[in-house]
1. I want to confirm something. Restricting to region 22-54 and keeping residues that are among the basic types (Lys, Arg) and within 21 Å of the chain's Cα centre (by Cα), which single residue is surrounded by the fewest Cβ atoms within 10 Å (Cβ to Cβ)?
2. May I ask you to say which residue of Gly17, Gly113, Gly80 is assigned by TED's automatic domain parsing to the domain that holds Ala127, out of contact with any Phe, Trp or Tyr (no Cβ under 6 Å at 6 or more places or on another chain) and in contact (Cβ under 8 Å) with a residue 24 or more places away in the chain?
3. Among (1) surrounded by 16 or more Cβ atoms within 10 Å (Cβ to Cβ); (2) over 20 Å from Lys98 (Cα atoms), there is one condition Glu288 misses while meeting the rest; what is its number?
4. I need the full set of residues from region 148-178 which are closer than 10 Å to Thr124 by Cβ, touching a strand residue (DSSP E or B) at 6+ places or on another chain (Cβ under 8 Å) and either hydroxyl-bearing (Ser, Thr, Tyr) or surrounded by 15 or more Cβ atoms within 10 Å (Cβ to Cβ) (or both), in order please.
5. Quick one: count up the residues across region 186-211 that are farther than 13 Å from Met232 by Cβ and small (Gly, Ala, Ser).
6. Can you tell me which condition Leu257 does not meet? The list is (1) free of Cβ contacts under 8 Å to residues at least 60 places away in the same chain; (2) over 28 Å from Met179 (Cα atoms), and all the others hold.
7. Are there helices (runs of 4 or more DSSP H) fully within region 271-366 with at least 2 residues that are hydroxyl-bearing (Ser, Thr, Tyr) and over 16 Å from Arg380 (Cα atoms)? List them.
8. Would you point out which residue out of Ser226, Ser218, Ser262, Ser269 is in contact (Cβ under 8 Å) with a residue 12 or more places away in the chain, farther than 30 Å from Leu322 by Cβ, buried (at least 23 other Cβ atoms within 10 Å of the Cβ) and of a type in the set (S, T, N, Q)?
Amino acid sequence: MPFTELQYQLDERAAQGLLRRRRELESPQGVRITVGGEPCLSFCSNDYLGLAHHPQVIAAMQAGANQYGVGSGASHLVSGHFNVHRQLENELADFVCKPAALVFSTGYLANLGAVQALVGRGDTVFADKLNHASLNDAMLLSRAGIKRYRHNDVAHLQQLLEHTESGRKLIITDAVFSMDGDIAPLPELLALCERYDAWLLVDDAHGFGVLGDEGRGSLAHFNLDSPRIIYMATLGKAAGVSGAFVAAEQVVIETLLNTARSYIYTTASSPALATALLASLELIRTEEWRRTKLNELIEQLRNGLAGLPWKILDSGTSIQPLLVGSNEAALVLSEGLLTRGIWVPAIRPPTVPQGTARLRISLSAAHDARDVSQLIEVLRDLAR
């Protein structure tokens, strides 16, 4: 029976410490949550600015549901595109200083749609080896040639570009890498695009709302502006809601609207979500104190974890990875924290390379200094 083989594969994953399970939240997303009936201090969420349960965002979504209902009813190109979707796209494009934007239901769909619409057979994608799975899947499905360069290694990327003569060239990279927390050398990557006539697709899922002036993202962080850049960001992390968008030149957005399969052939996201996102975008723009506080917490955590037997990777972002090593050791450390009422996830292969299992500590502006001190104290206790 095929089921026997499936069960064997699951048993093998369990033996290797790779079996995945879900934990159920019984409270709103936030710093203090209820999991399995127990209160918990969470360092798991990508809600970097603490907006997922913000009263203004909730009120906007309720108002949107009252005005538009809860479902869009169809794809954007049939009858599911509402005026509030258009308003959100205009606001997002303006916020990241791009001519136009297109809203997708998820970041995964945005990356799939953008890469497949822009390159195909005869073209080449150049990808950082630590890119997110959605970018990896997108390049495979595009049927373009693939050349992967060592993580953030600009010299290696240049060598690959020098030996590619025909077809379109598309460099794809995370801006903030989701499991290491470091930032891509975007200015150097853009310089290579200019030199070798390539596009640069930047996945700013973990930089949007957090980095740059007013939280405008990684491009603003580096003060970059070029028509060669295709910018993608998600709206379920720092923005606290759901969805994603691609911002680029008008001709690129029109191309995606007409050829991106993950946009054309899926039901549009709820217009109520768009109203919530407009409220979230205003909070991101105006409440600079959230990013200031977040940076203070990052510094506090990194100082407090110095000298532990586990290495904290070099990251200045909300993502603070604590490298443990083996799958079993990472799971034991994560469970040890959970027994003390602190939830920090253990990240294992294939999400990260073999032998680099880690705790992925995610900080939020909703945390306070006491929360971070508690995490530091418990980790130091477990280390002893």
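The values are calculated or read from the model by the stated rules, or taken from the named source; none is laboratory data. Please read these numbers as outputs of a predicted model, since none were measured by experiment. No Cβ is skipped: glycine too gets one built from the backbone with ideal geometry, and neighbour counts run over all protein chains shown.
1. If we take residues in region 22-54 being among the basic types (Lys, Arg) and within 21 Å of the chain's Cα centre (by Cα), then Arg22 is surrounded by the fewest Cβ atoms within 10 Å (Cβ to Cβ).
2. Selected residue: Gly80, the only one of Gly17, Gly113, Gly80 that is assigned by TED's automatic domain parsing to the domain that holds Ala127, out of contact with any Phe, Trp or Tyr (no Cβ under 6 Å at 6 or more places or on another chain) and in contact (Cβ under 8 Å) with a residue 24 or more places away in the chain.
3. Tallying (1) surrounded by 16 or more Cβ atoms within 10 Å (Cβ to Cβ); (2) over 20 Å from Lys98 (Cα atoms), Glu288 fails exactly one: (1).
4. Those that are closer than 10 Å to Thr124 by Cβ, touching a strand residue (DSSP E or B) at 6+ places or on another chain (Cβ under 8 Å) and either hydroxyl-bearing (Ser, Thr, Tyr) or surrounded by 15 or more Cβ atoms within 10 Å (Cβ to Cβ) (or both): Leu160, Leu161, Thr164, Arg168, Lys169, Leu170, Ile171.
5. 3
6. If we test Leu257 against (1) free of Cβ contacts under 8 Å to residues at least 60 places away in the same chain; (2) over 28 Å from Met179 (Cα atoms), just (1) comes out false.
7. Those helices (runs of 4 or more DSSP H) span 271-286.
8. Just a single option satisfies the conditions, and that option is Ser269.
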